[in-house]
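All remarks here apply to the structure that follows.
Every read-out reported here was derived from the displayed coordinates using simple, explicitly stated rules and does not represent laboratory data. The model shown is predicted, which means the values in this text are computed figures rather than measured ones. Here Cβ is always computed from backbone atoms with ideal geometry, including for glycine, and neighbour counts include all displayed protein chains.
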There are 2 protein chains.
Amino acid sequence: MHGTIIPVRTASAVYDVEIAPGLLGSIGERLAALLPARPRMFVVTSPEIWALHGEAFAASLHGVVTVLYVPSGEEHKRLATVERLAEELAQHGADRDSVLIAFSGGVLGDMTGFLAAGYMRGIRYVQVPTTALAQIDSSLGGKTGVNLAAGKNLFGAFHHPLAVYADTAVLRTLPAAQLRAGLQESVKAGIIRDRALFEYLDEQHEAVLNGDEAALTHVIAASVQVKAKVVAADEKESGERMLLNLGHTLGHAIEAATGYKQLLHGEAIAWGMIAAIGIAERRSLVTTEEAARMGRVIRAYGPLRNFSANVSDLVALTAKDKKNRSGSRSFVLPIGIGDATVVRDISPSELINATEAMMELRGDFHRGAQVPA
Amino acid sequence: MHGTIIPVRTASAVYDVEIAPGLLGSIGERLAALLPARPRMFVVTSPEIWALHGEAFAASLHGVVTVLYVPSGEEHKRLATVERLAEELAQHGADRDSVLIAFSGGVLGDMTGFLAAGYMRGIRYVQVPTTALAQIDSSLGGKTGVNLAAGKNLFGAFHHPLAVYADTAVLRTLPAAQLRAGLQESVKAGIIRDRALFEYLDEQHEAVLNGDEAALTHVIAASVQVKAKVVAADEKESGERMLLNLGHTLGHAIEAATGYKQLLHGEAIAWGMIAAIGIAERRSLVTTEEAARMGRVIRAYGPLRNFSANVSDLVALTAKDKKNRSGSRSFVLPIGIGDATVVRDISPSELINATEAMMELRGDFHRGAQVPA
């Protein structure tokens, strides 16, 4: 096993992220060691994930879990689902010592974290992420929440897991498009904080995308390391943590404008990064060569699928970004490759120009691209 | 003005509770001093409270607030209401710098605190409590949340206000039954931690209940002081803070069994205290004389209205108490007057006997009692 353990140390929590292929086979032992008092455990998962891996998971735990199901899909990431799950927990007698296990991708992981944050004002939970996006990004750092009609992740809590167990072998059982989209968060991690990771992603993209265990585990561990460092420095996103939002301002706007239905999250973030790199290039924060190289690597983890939206809607939607404060609009921009900054003086015309340039690229990227099933 | 400022100092927050008659007239100045950066403010209130005090409130703030309304009543203390309010905040452009003001009783105050805890993963809020219950107990300490069908306050967060402004003159505009019920939390505070307060409540009950400004302000300030000390010692209710739940185990069960409709919260807590005192007396934690005196003071702040429920339902409902951990049932019991403890070894028969004894008292207390309109 090419395993790695990465500690996350923040002001309010300390825990480990363990990354290894095949880790799921020993999840029961790991949880028993983590929770020696043997609390009641509730797994929150989707029917699809449980159909693929539930038998192995339950066998490793010797069956002593209650399973709560949530259908896949962003449209279920709402307070109504959280309330239904909380009622089920209460009906099953869950108390303050009970532990939730999010065995899922990022959407359900965020929601399970929020369920844990709110149930009886906070119980413990463990993340067992099953998608690249969740393993790289959303399972650690303590951001939990649900969507409002007004926007994504607008209601939630900071609540860290007790531990994160990322089995990289599980990623091979998921659609290739999900792996590719999730790896855009690794590209982001490389761009904002780890030039070596960016170069590895560039040079080894075939091995990574073919699911080579060592390559994939290396990329996920390096990405987790970037996130762990950023979160350690700024748990509540008052400064450095905002850098993790590279590509997210327009990415979230694209998701909202397309009803969260046309693109995967990582694909929308990839489009958002393209726009941010465009602004950075015009501001001379990155050279033309660096911008081109970043664009090439983002596309290597594509294809970046086309989507339908108009520029004015997208620009209007960026005004709802959670990072905006007292009316000023924040934007994360790369500085070369391996560094980034938050700017608050993006002008309307700068934003419109970058959005238009991004929209024009859709056709180019789309022509000849293989659209995943 | 007989005003008092009581600081609350916990591991995660430091803020003041200001208690004075007529404080509402200067709420605008106070908020301006508290929030010099002049963030956007959103008042969450009920139509009834706003009809009584909204004009004075808005005038003091020079009109620069947006008002969000929630109908009165425990049945609205649900995630669906929180979601509706969050959507309204988003529509009004509330961002991470915006501040909520809970201008309300405890039900709406708890919910507004939770709205602030969850909106964009946490914004600031101020409590301006308008009932005795809220001024004495629920507006400080950071417990926020909503009810589930399965039970009261089962979903929420710890999120402290920036400040609490309690205008004791406002209490005279509310129904007498609400004042009496709320003052049961002062009786509780006296029993668990402040014998002098208990004796004041006993000896001065006519002045307090007649709304004498000095007497009422003294009682509320002393009660807040008890809560502030307990919360400072144990913010997250791992130990001493549980003492604040004297009367709440059966009180919550009575509320659940009666659909939150037959009694006010303080009245249900009063019944729960009667049961707890009965258990304490049988265990010789209090003398017969002390038990009788406590019962007499509780009744002085009554009448304790009758309610319909059966013993087995009530006992079953206590099993859902949030304080229970890994199956063991916790109960707060007084030790004499001015001290209390948490016991975990309450036997089923002890609980059944105490519940039966409490139920038999209903008729006695009810006969000759004035039922408030």
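Here r is the Cβ-Cβ distance between A:S284 and B:T258 and R0 is 41 Å; the resulting FRET efficiency, rounded to 0.05, is 0.05. Scanning chain B for trypsin sites (Lys or Arg not before Pro) lying in DSSP loops with no more than 16 further Cβ atoms inside 10 Å, the longest uninterrupted stretch between such sites is B:1-235. When the charge dipole of region A:1-86 is built from unit charges on Cβ atoms (+1 for Lys and Arg, -1 for Asp and Glu) and taken about the Cα centre, the candidate among A:T81, A:P71, A:G54 whose Cα reaches farthest toward its positive end is A:T81. Taking only the C-alpha atoms of region A:1-145, the Rg (one decimal) and the largest Cα-Cα distance, Dmax (whole number), read 14.3, 41 Å. Residue by residue along A:92-104, Cβ atoms of other protein chains within 10 Å of the local Cβ number 2 on average. Summing charges over neighbours of A:K320, with a neighbour being any other residue whose Cβ is under 10 Å away from its Cβ, gives 0 when K and R count +1 and D and E count -1. Computed from Cα atoms, the angle from the helix B:265-282 axis to the main principal axis of chain B rounds to 30 degrees. Take each residue in B:147-159, count the other chain C-beta atoms within 10 Å of its C-beta, and the mean is 5. Per residue of peptide A:116-128, the mean number of Cβ atoms on other chains within 10 Å of the residue Cβ is 4. With springs only between Cα atoms under 10 Å, which of B:A309, B:A157, B:A268 fluctuates most in a Gaussian network model of chain B? Its mean-square fluctuation being the largest, the pick is B:A309. Each copy carries a label point for A:G63 at 7 Å from Cα along the beta-carbon vector; from one copy to the others these points are 7.1 nm apart, nearest first.
Relative to the longest principal axis of the Cα atoms of chain B, helix B:288-300 runs at roughly 40 degrees. In the elastic network of chain B, a GNM with C-alpha springs shorter than 10 Å, the most mobile of B:G118, B:G63, B:G141 is B:G63.
With its label point put 7 Å out from Cα toward Cβ, B:A292 sits 9.7 nm from the same residue's point in the other copies, in order from shortest. In loop segments of region B:1-99 as defined by DSSP, there are no GluC sites (Glu not before Pro) with at most 11 further C-beta atoms inside 10 Å of their C-beta. Copy B relates to copy A by a rotation, and the B residue whose beta-carbon is nearest that axis, with the distance in whole angstrom, is B:L79, 2. Legend: distances between Cα atoms for B:K77/B:K236; A:K322/B:K77; A:K143/A:K236; A:K77/A:K152; A:K143/B:K227; A:K77/A:K229; pairs beyond 19 Å are B:K77/B:K236; A:K322/B:K77; A:K143/B:K227; A:K77/A:K229.
Name the residue, out of A:I352, A:I136, A:I279, whose mean-square fluctuation peaks in a Gaussian network model built on chain A with Cα pairs under 10 Å. Largest GNM mean-square fluctuation: A:I352. With N the number of residues in region A:67-145, Rg(Cα) / (2.2 N^0.38 Å) evaluates to 1.00. Across every pair of non-identical alpha carbons in the protein assembly as shown, the mean reciprocal distance, once inverted, gives a Kirkwood radius of 27.5 Å. When B:G3 is represented by a point 7 angstrom out along its Cα-to-C-beta vector, the spacings to that point in the other copies are 6.2 nm, nearest first.
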